[in-house]
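The values are calculated or read from the model by the stated rules, or taken from the named source; none is laboratory data. Small disclaimer: the values here were computed from a predicted structure and weren't measured. For neighbour counting, all protein chains shown are included, and Cβ atoms are generated from backbone atoms with ideal geometry for every residue, glycine included. Keep in mind that these areas ignore ligands, DNA and RNA; they rest on the heavy atoms of the full protein, side chains included. Shrake-Rupley method; radii C 1.70, N 1.55, O 1.52, S 1.80 Å.
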Amino acid sequence: MKELLNRFKNIHPTTLLTHVIITMIYPAAKAVRAEENKFIVFLDTLTIVAMLLIIVGVFYRLVLKGDFDRVQYVFNRSLRPQKPFDAYEADRTEERKTAFNYPLWLGIFYFAACALIGFLR
């Protein structure tokens, strides 16, 4: 539980606002262009965006967990000389401590909001 609360401390308001604006552009544009049922079109496209964010968030979670560290190390090593794997892994662990999975949490929030609004409507 404490680790989860520490993860939420990593939320940066400017980064969160940027993610929200970028993910709301397509549903808003689609709703503006719709000729009728603008609200339904907005909810439908926001649900689709939420599902895509959840899928991307799950893959990003695997990256944050460290499942692809060896692949990234080998790929980066082939492009340019790099430090030993132990030092690389220690650096990645430090980077992960300050990371937050915005796509997953925004996708879950958007999907829950669309489901709740759809249920109440």
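Could you please let me know if I40 is modelled with pLDDT of 95 or more, among the β-branched types (V, I, T), out of contact with any helix residue (DSSP H, G or I) (no Cβ under 6 Å at 6 or more places or on another chain) and farther than 21 Å from R96 by Cβ? Considered against the rule, which asks whether it is modelled with pLDDT of 95 or more, among the β-branched types (V, I, T), out of contact with any helix residue (DSSP H, G or I) (no Cβ under 6 Å at 6 or more places or on another chain) and farther than 21 Å from R96 by Cβ, I40 comes out as no. Note on segment 1-106: enclosed helices (runs of 4 or more DSSP H) holding 2 or more residues that are under 20 Å from the mean Cα position of the chain (by Cα) and over 26 Å from I117 (Cβ atoms) are 2-8, 38-65, 69-79, 85-97. Residues of segment 73-113 that are under 27 Å from I22 (Cβ atoms) and small (G, A, S): A99, G107, A112, A113. Tallying residues that are β-branched (V, I, T) and open to solvent by less than 70 Å² (accessible area, probe 1.4 Å) within segment 19-48 yields 6. Within segment 12-23, residues that are under 20 Å from T98 (Cα atoms) reach partners that are in a loop (DSSP other than H, G, I, E, B) and open to solvent by less than 60 Å² (accessible area, probe 1.4 Å) with beta carbons closer than 9 Å, at six or more positions or on different chains, in the pairs H12/F100; T15/F100; L16/F100.
Taking the condition of being closer than 17 Å to H12 by Cα, surrounded by 12 or more Cβ atoms within 10 Å (Cβ to Cβ) and of a type outside the set (K, R), how many residues in segment 70-106 meet it? Result for segment 70-106: 8. Scanning segment 49-69 for residues that are closer than 22 Å to T98 by Cβ and either open to solvent by less than 60 Å² (accessible area, probe 1.4 Å) or of a type outside the set (A, V, I, L, M, F, W, C) (or both) returns L53, G57, Y60, R61, L62, V63, L64, K65, G66, D67, D69.
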